[in-house]
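The values are calculated or read from the model by the stated rules, or taken from the named source; none is laboratory data. Bear in mind that the values here come from a model prediction, so they are computed numbers and not experimental data. Don't worry about glycine lacking a Cβ; one is built from the backbone with ideal geometry, like all the others, and counts go over all protein chains shown.
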Amino acid sequence: MTEKNGSLVTAKDISKKYKVPYPTINHYTDLGFLSIIKREGNKRMYSDKEVRGRLSLISKMMNEGYPLRLIRKKIVAREKGSL
């Protein structure tokens with residue numbers, strides 16, 4: 001499936017492709033780390049490019065010892081162009 005932003009993936013696809021537990025994807029979505037691009041029935045569709053970048057950033061920062069609260073602040077700041 002393709003959109004102007006690139007390929008779209010479901011939460012289930014993300015779980016398989018990036019080996020992230022499904023509940024973690026739900027949690028990251030609730031925290032605002034992952035943006036839902038569109039819905040198809042009960043399926044949430046995400047930009048694969050955004051997911052790859054965000055998961056990489058989250059993983060890197062968690063490995064450096066940052067809590068999710070500070071990771072969220074950094075992501076929000078990036079979106080606003082503050083960084």
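Brief remarks follow.
- Residue in region 23-31 that is touching a strand residue (DSSP E or B) at 6+ places or on another chain (Cβ under 7 Å) and farther than 20 Å from I71 by Cβ present: no
Matching residues to (1) touching a strand residue (DSSP E or B) at 6+ places or on another chain (Cβ under 8 Å); (2) of a type in the set (A, V, I, L, M, F, W, C); (3) loosely packed, with under 12 Cβ neighbours inside 10 Å:
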position: L55; (1), (2), (3): no, yes, no
position: N63; (1), (2), (3): no, no, yes
position: R72; (1), (2), (3): no, no, no
position: E79; (1), (2), (3): no, no, yes
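- For S35, the conditions (1) in contact with a Ser or Thr (Cβ under 8 Å, 6 or more places away or on another chain); (2) modelled with pLDDT of 95 or more all hold with the exception of (2).
- Hey, L34 over 15 Å from S7 (Cβ atoms), without any contact (Cβ under 8 Å) to a residue 60 or more places away in the chain and aliphatic (A, V, I, L, M) or not: no
- When E50, E64 are checked against the criterion of being of a type outside the set (V, I, T) and modelled with pLDDT of 95 or more, a single residue qualifies: E64.
- K16 fulfils the conditions (1) in contact with a Gly (Cβ under 7 Å, 6 or more places away or on another chain); (2) at pLDDT 95 or above except for a single criterion, (1).
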